[in-house]
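The values are calculated or read from the model by the stated rules, or taken from the named source; none is laboratory data. Everything numeric here is computed off the predicted structure, so don't read it as measured data. Every residue, glycine among them, receives a Cβ derived from its backbone with ideal geometry; neighbour counts consider all protein chains shown.
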Amino acid sequence: MPIVRVALPVPLPQLFDYSSQDACEEDVGRCVRVPFGRGEKSGVIVALVAESELDPARLKTVRHIQREVAPLPADWLELVGFVARYYHAPLGEVIALALPPGLRRADAVSDRESDPLLDLSDAGHAALAETRRPSRALALLGELRAAGVIRRSAARELPAGAALGDALKRGWVVAVRGTDPSQPAANRPELTDEQRAAVDAVAAAPDGFTPWLLQGVTGSGKTEVYLRLAERTLAAGRQVLMLVPEIALTPQLESRVANRFPAACVVSLHSALAEGARSRGFVQALEGRADIVLGTRLSVFAPLPRLGLILVDEEHDASYKQQEGVRYSARDVAVWRAHQRKVPVVLGSATPSLESWQHARQARYRSLRLDARALASTLPAVRRIDTRRLKLDEGLSPQLKGAIGERLARGEQSLVFLNRRGYAPVLSCPACGWVSHCPHCSANLVVHLADRRLRCHHCGCDTEVPHHCPVCNNQDIQPFGRGTQRIEARLAELFPAARVLRVDRDSARTRSQWENLLAQIAGGEADILVGTQMMAKGHDFPQLTLVGVIGADASLHAADFRAPERLFQQLMQVGGRAGRAHLPGEVLVQTEYPDHPLYRCLVKHDFDAFAASALDERRAAGFPPFTYQAMLRADAPMLKDAMDFLAHARRLAQEMAPAGLRVFDAVPMRLTRLARRERAQLLVETDERGPLQAFLVYWIEVLRAQRTPRELRWQLDVDPLDV
Ligand code: ADP
Ligand code: ZN
Ligand code: ZN
């Protein structure tokens, strides 16, 4: 009987052999269900082998091979193999992450066209040509004619979309087969000179792998460049993979892409999709029917037989790096994949990661620049407000309050940006010094006055706000410091006629809440926004002309060496929300360090100067991208167990350490206690990537063989973001 080698989602770095009556070479890459332990597991066949190391009599038999779906191609198996090797994760776990659960369980995948392409029928054209009494259905026909072929979902969104049912019933509108997926909608804009130059540069490059860094200021029209590049790729009969950092950003982009390419099959993939939809999208990609796959980091694993272009929007965004399980960076995997498949990859951002910016400076990536905004004439004016001698009103300076008042008078929107949600970061008792600690973490419970709760933002622990100090019974306990809810409350008092809207993870918990908030803002139903970093990303708010930044100084002196980079990116991004359309924008940054170089670069919108100086500091201090790092983390109910394990791991590392490997001391993590577990970490580092990878292979193998306390867990993080 043939023997198949199967990758299963178990935390062991090994593959499992099973016999099968009828398996053949074509089954490599197919999903299977197999008996495992006392139950059943599903995985993927990665090879057909002639012989197993196991006694043939003891081999168990495959239960079911999923043959209704095409097998995963060899290049896909290579991709997950690379991720398993590079991040030192078991292959079965990488596959479990990469495959939609329904597919892996070898369920049947329903595949119905749910959103047909529509066009006017001959009768529809005739109806339009006749002079009739105006009606909703005729109005819709006019709109449809202007739009060209269009998806049913998009047709419903048209101003007269409510008449779609009527028009279909009359036979004026019919479902059609799309012919050319690259055929763009009629209303696309003329490119600016800079956009044209960027598109031409990519078009002129020889076929094959070229990494590009598209550095374009906020509002410069990077998306338009992506769309034009996608159009070329589709016209060549190939598929486009487009990565975005956050689910919250997908709806806007999804409709923009679908509206631009009405005849293309656009599939979106992210973890919030229902299982059936995710499996269906994955299979459409696998079978080559999807023309554009758009999604968050996990869509980097979509199989794409006709792949021709990879786009990574907001490439600097930390959410491309998975922070649990297989700790991969979707951006880095995307670049590897482009190399593997010999296609171009475009990394776009107004504020590139220092890693990518450095690659571009060294000409390892080619540079594309958009230095001017597409619509607005100028970038917003950025001003510092020196708060050292000011009396602040709940954190608000007189200048900021004045500027908000002016916007109100003009009917424009303002945003107060503060990266801290809740009412206040802690509740404390002035009499005895009690503070609201989380019982499970080394963090404070945050005051949420909106629903009168104390919440831990790390473990989710949630209790009622007490009426008096639990230690000394003092009634006069005080929220200390400021969060978005407190600013929201104060702004509502200061500007009673204004509509104040808070936008943070508490007010936008679900996708539909988030979409509602966006619609409210876009519809001009809010005058003053109070928002966290959620507001910093990718959105266009034409009426927003003022951004006030408060509480940014905290990041200047944070312990994490990446904190200034993140702060600069955030401030440039959030500042970029101001004055996107035809109204000029202004950004006011409240600070006690107005002369700090970071703020000076910000005022000049000079990302390059900031990046160059930040990289100089990194080089001097020996930080990435000048060194390569891996972090071993351990956690246990008792800190001692975690520290002992890491100390042992450290000794092992030193025994086997190749020349040039630096092994640091094991230290408790900054947030040591999280959800009743104590955490510690151990950093290893080299000047070259190769020796680090070679060392990790052996180290991990030895570590896996160690006996550890039952409650101890450990993981390795290659290229960690938080050090
Ligand atoms: P970015 O992603 O670089 O911040 P966007 O792609 O969102 O910028 O573009 C900013 C705005 O400019 C959008 O409203 C977009 O429709 C508009 N825009 C982009 N390119 C053009 C162009 N060539 N002509 C007219 N408007 C454009
Ligand atoms: Zn007290
Ligand atoms: Zn907690």
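What the table shows:
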| read-out | value |
| --- | --- |
| Answer residue from region 399-449, given it is within 16 Å of ligand 2 (Cβ to nearest atom) and crowded, with 18+ Cβ neighbours inside 10 Å and is farthest from Gln533 (Cα to Cα) among those | Cys429 |
| Residue match in region 176-198 (condition: away from ligand 3 (no atom under 16 Å from the Cβ), touching a residue at least 12 places away in the same chain (Cβ under 8 Å) and on the phi > 0 side of the Ramachandran plot) | no |
| Residue that is assigned to a helix (DSSP H, G or I), more than 15 Å from Ala630 (Cα to Cα) and in contact (Cβ under 8 Å) with a residue 40 or more places away in the chain, where the choices are Val702, Val697 | Val702 |
| Residues satisfying the stated conditions in region 533-567, i.e. closer than 16 Å to Leu721 by Cα and outside any loop (DSSP other than H, G, I, E, B) | Ser555, Ala563, Pro564, Glu565, Arg566, Leu567 |
| Qualifying residue in region 154-162 (condition: at pLDDT below 90, outside any helix (DSSP H, G or I) and buried (at least 18 other Cβ atoms within 10 Å of the Cβ)) | yes |
| Flag if Leu712 is of a type in the set (A, V, I, L, M), closer than 19 Å to Glu324 by Cβ and either without any contact (Cβ under 8 Å) to a residue 12 or more places away in the chain or within 16 Å of ligand 3 (Cβ to nearest atom) (or both) | no |
| When residues of region 482-501 are limited to those that are without any contact (Cβ under 8 Å) to a residue 60 or more places away in the chain and part of a loop (DSSP other than H, G, I, E, B), the one farthest from ligand 1 (Cβ to nearest atom) | Pro496 |
| Residue ranges of strands (runs of 3 or more DSSP E) in region 599-692 with at least 1 members aromatic (Phe, Trp, Tyr) and surrounded by fewer than 21 Cβ atoms within 10 Å (Cβ to Cβ) | 628-636 |
| Scan of region 324-379 for residues that are within 16 Å of ligand 1 (Cβ to nearest atom), assigned to a strand (DSSP E or B) and not hydrophobic (A, V, I, L, M, F, W, C), ordered by number | Gly348, Ser349, Ser367, Arg369 |
| Boolean, Thr627 is of a type outside the set (Gly, Ala, Ser) and at pLDDT 95 or above | yes |
| Unmet requirement for Gln183, which otherwise passes all of (1) within 16 Å of ligand 1 (Cβ to nearest atom); (2) buried (at least 17 other Cβ atoms within 10 Å of the Cβ); (3) part of a loop (DSSP other than H, G, I, E, B) | (1) |
| Count of residues meeting criterion [more than 10 Å from ligand 3 (Cβ to nearest atom) and in contact with a Cys (Cβ under 8 Å, 6 or more places away or on another chain)] in region 432-445 | 3 |
| Region 520-537, subset among the polar types (S, T, N, Q) and surrounded by fewer than 22 Cβ atoms within 10 Å (Cβ to Cβ), residue farthest from ligand 2 (Cβ to nearest atom) | Gln520 |
| Residue within region 203-216 that is part of a loop (DSSP other than H, G, I, E, B), out of contact with any helix residue (DSSP H, G or I) (no Cβ under 9 Å at 6 or more places or on another chain), under 29 Å from Leu273 (Cβ atoms) and in contact (Cβ under 8 Å) with a residue 24 or more places away in the chain present | no |
| Tally of residues being over 16 Å from Arg104 (Cβ atoms) and of a type outside the set (Ser, Thr, Tyr) across region 57-78 | 8 |
| Flag if Asp540 is within 16 Å of ligand 2 (Cβ to nearest atom), over 20 Å from Arg421 (Cα atoms) and modelled with pLDDT under 95 | no |
| Those residues of region 393-415 which are assigned to a strand (DSSP E or B) and within 15 Å of Asp527 (Cα to Cα), in sequence order | Gln413, Ser414, Leu415 |
| Among the candidates Val574, Val589, residue that is in a helix (DSSP H, G or I), touching a residue at least 24 places away in the same chain (Cβ under 8 Å) and more than 22 Å from Arg618 (Cβ to Cβ) | Val574 |
| In region 217-257, residue nearest to ligand 2 (Cβ to nearest atom) [restricted to those that are among the hydroxyl-bearing types (Ser, Thr, Tyr) and not in a helix (DSSP H, G or I)] | Thr218 |
| Given (1) more than 16 Å from ligand 1 (Cβ to nearest atom); (2) in contact (Cβ under 8 Å) with a residue 40 or more places away in the chain; (3) out of contact with any strand residue (DSSP E or B) (no Cβ under 7 Å at 6 or more places or on another chain), number of the condition Asp504 does not satisfy | (3) |
| The one condition in (1) of a type in the set (Lys, Arg); (2) out of contact with any Pro (no Cβ under 9 Å at 6 or more places or on another chain); (3) under 15 Å from Ala7 (Cα atoms) that Arg58 fails to fulfil | (3) |
| Odd one out for Glu190, checked against (1) outside any loop (DSSP other than H, G, I, E, B); (2) at pLDDT 90 or above; (3) out of contact with any Phe, Trp or Tyr (no Cβ under 9 Å at 6 or more places or on another chain) | (1) |
| Close pairs from region 421-446: first at positive phi, partner assigned to a strand (DSSP E or B) and away from ligand 1 (no atom under 16 Å from the Cβ), Cβ under 8 Å, at least 6 apart | Gly422/Val446; Gly422/Val447; Gly422/His448; Gly422/Arg455 |
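Each row is one residue, and each column tells you yes or no for (1) within 14 Å of ligand 3 (Cβ to nearest atom); (2) assigned to a loop (DSSP other than H, G, I, E, B); (3) modelled with pLDDT under 95; (4) more than 16 Å from Arg673 (Cα to Cα).
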| site | (1), (2), (3), (4) |
| --- | --- |
| Pro430 | no, yes, yes, yes |
| His457 | yes, yes, yes, no |
| Gly460 | yes, yes, yes, no |
| Cys469 | no, yes, no, yes |
